[in-house]
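Colleague: Dropping a structure here in structure tokens format, bear with me for questions.
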Amino acid sequence: MPETTDPTFHRTPADVIACPDPACGAPARIVDRWNFESTGGPVEQVKTGCERGHWFTPTVDSLDLEPVPARASPSLASVS
């Protein structure tokens, strides 16, 4: 079972990032975070949802965590 992480532990406060789909690029919100234990140490995962309807659960290390400029549509605020 995944362990929920402490919200103060994360390397970046970015809640809105670019969609992990390279062909999309729309603003996406990080809606959940957790750690999976592994032999190499914990692996942080996130759940993202973008305003175009894409959902992903990538590792944090695979994401570009630069915040997206505030051009997100109001529909992104309700992603959860």
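Here, each number is a calculation from the coordinates, and none is a lab measurement. Just so we're clear, the structure is a prediction, and the values are computed from it rather than from any experiment. Note that each Cβ is placed from the backbone with ideal geometry, even for glycine, and that neighbours are counted across all protein chains shown.
Colleague: Need one number: nm distance between label points at ASP15 and HIS54, each 7 Å from Cα along Cα→Cβ, rounded to one decimal.
Modeller: Distance between label points: 2.2 nm.
Colleague: If packing is taken as the average count of other Cβ atoms within 10 Å, what order do 22-31, 52-61 fall into, highest mean first?
Modeller: So the peptides 22-31, 52-61, ranked by packing, come out 22-31, 52-61.
Colleague: Then there is this: Once label points are set 7 Å from the Cα along Cα→Cβ at both LYS47 and ALA23, what is their separation, rounded to one decimal in nm?
Modeller: Computed distance between label sites LYS47 and ALA23 equals 2.5 nm.
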